[in-house]
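Here the structure is laid out as structure tokens; the discussion comes afterwards.
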Amino acid sequence: MPDHRIVLTYDPDGTLVDRVRAALPHRSLEIVRELSAGALPDAMPGTTILFGNYLSPAALQAARDLRWIQTVGAGVDVLLSVDLASTDIVVTNTSGAFGVQIAEHALSLMFALARRLPAALESQAARRYAPEPRDNLFELTDKTVGIVGFGDVGQALARRARGIGMRVIALRRSPGTSPATHPPLADLALDSLADSDRGDASALVYEVWGPDRLDELLRESDVVVNAAPLTDATVRLFGREQFARMRSSACFINVGRGETVDQDSLIDALRSGVIAGAGLDVTTPEPLPPDSPLWTLPNVILTAHYAGWSDTMLDRIYAIFTDNLRRFDRGEPLRNRVDVRAGY
């Protein structure tokens, strides 16, 4: 019998098997690469560790020996189920692998809206010299950015927004707390700017508020960035009332989940000038249908849910997984443990 039987459902560069063996060189390992969701149930008997984002009811039923699931992404809404929540299987995510690139993506959308870059690119494509009216341009320095969801992505964005002179306010479910199930990731060096707050996330912002102050954040912010996970509490968190509370000059950035926004209300707010613009990396549904008004609204920038991708993403994901693998083998607390009932 091997010490651990590990099923890998994600290995795009073909290096993960060697990385797993290098992490536990003293252990006998049975490693199975099963990249087909349909074949996963047959791979689960005897498996103790699963690396992946999906587990069908049939696969869960076959996973009698499964003790730990390490997801590939930070969001776990696709994986979680009532049946999984009724088991003792530990779930951890790879929060920390995506903060840098998603924060940079959010900043890119903010700068593009502030400097009206889509209009400039359209003029360039038409070989038309058309300066943007000066009243349509604004600076981000000294503006207030309100970040909804102050986890890894929100904190990475706060570091960078503060670095360009923005005032940062943030919303999180439990302000001032750091769940014991999430040991710090600073020693993995996932964000080179993380030393700027010395592990104290509150040092990044002017204030951290609880969910009951969402309306206040919306009223105070020049840019609202949604980086919240998808849970029962965040479905359609942003709707007609929330957009009405924002400044007419404000922009809305969504790098969280499309389902956290009432998209029809967002479209109405953009069409009527209730808010000035939006930068959306996520929508509902995905892919966005060709007839969606979001494609043609002049004050919208769309990207195809790729904010989390980068040239170093895989290295970060694998660093978190192999670190947790060593912790699991030693019987130590795992990083990024998910509350499967709360959904994050």
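Where does helix 99-114 land angle-wise versus the long Cα axis of the chain, in degrees 0 to 90, nearest 10?
It works out to around 10 degrees.
Relative to the first principal axis of the alpha-carbon coordinates of the chain, what is the inclination of helix 313-330, with its axis defined by its Cα atoms, in degrees from 0 to 90 and to the nearest 10?
Here the helix axis deviates by roughly 40 degrees.
With both bridge residues required to lie in the chain, what share of the DSSP beta bridges run antiparallel, to the nearest 5%? Walk me through the numbers on the way to the answer.
Values: 1 of 39 bridges.
In the chain, approximately 5 percent of DSSP beta bridges are antiparallel ones.
Find out how many positive minus negative residues lie around Gly149, taking Lys and Arg as positive, Asp and Glu as negative, among other residues whose Cβ is under 11 Å from that of Gly149.
Value of the local net charge: +2.
Going through the stretch 297-327, which trypsin sites (Lys or Arg not before Pro) have at most 13 other Cβ atoms within 10 Å and a DSSP loop state? Numbers along the way, then the final one.
Details: sites: Arg316, Arg326, Arg327; in loops: none.
Listed in order of number, the matching sites amount to none.
Of the options Ser174, Gly331, Leu16, report the single residue whose Cα projects farthest towards the positive end of the charge dipole of the chain (beta-carbon charges: Lys, Arg +1; Asp, Glu -1).
Among Ser174, Gly331, Leu16, the one farthest towards the positive end of the dipole of the chain is Ser174.
Please name whichever of Ser265, Thr312, Val76 sits farthest to the positive end of the charge dipole of the chain, dipole taken about the Cα centre and charges placed at Cβ: Lys and Arg +1, Asp and Glu -1.
So the residue we want is Thr312.
Can you pull out the trypsin sites (Lys or Arg not before Pro) in the stretch 1-83 whose DSSP state is coil and whose Cβ has at most 16 other Cβ atoms within 10 Å?
Arg27, Arg64, Arg67
So how strong a dipole does the chain carry about its Cα centre when Lys and Arg Cβ are +1 and Asp and Glu Cβ are -1, to the nearest 20 debye?
Values: 35 positive and 44 negative charges, 87 e Å.
With only Lys, Arg, Asp and Glu charged at Cβ, the dipole is about 420 debye.
Only helical DSSP H runs with n ≥ 4 go in: add -39500 (n - 2.57) per run for the chain, normalise by residue count and round the 222 nm mean residue ellipticity to 500 deg cm²/dmol.
Counting only the DSSP helices, I get -8000 deg cm²/dmol.
Could you give the accessible area per residue of the stretch 185-332, probe 1.4 Å, as a whole number in Å²?
47 Å²
Could you please report the charge total around Ser292, scoring K, R as +1 and D, E as -1 over all other residues with beta-carbon less than 12 angstrom from its beta-carbon?
-3
Give me the percent of accessible area attributable to carbon and sulfur for the chain, probe 1.4 angstrom.
Summing carbon and sulfur atoms, their accessible area is 51 percent of the total for the chain.
The values are calculated or read from the model by the stated rules, or taken from the named source; none is laboratory data. Being a predicted model, the structure only gives us computed values, none of them experimental. Please note: Cβ atoms are built from the backbone with ideal geometry, for glycine as well, and neighbour counts cover all protein chains shown. When the accessible area is computed, the model is the full protein with side chains, heavy atoms only, and any ligands, DNA or RNA have been set aside. Shrake-Rupley method; radii C 1.70, N 1.55, O 1.52, S 1.80 Å.
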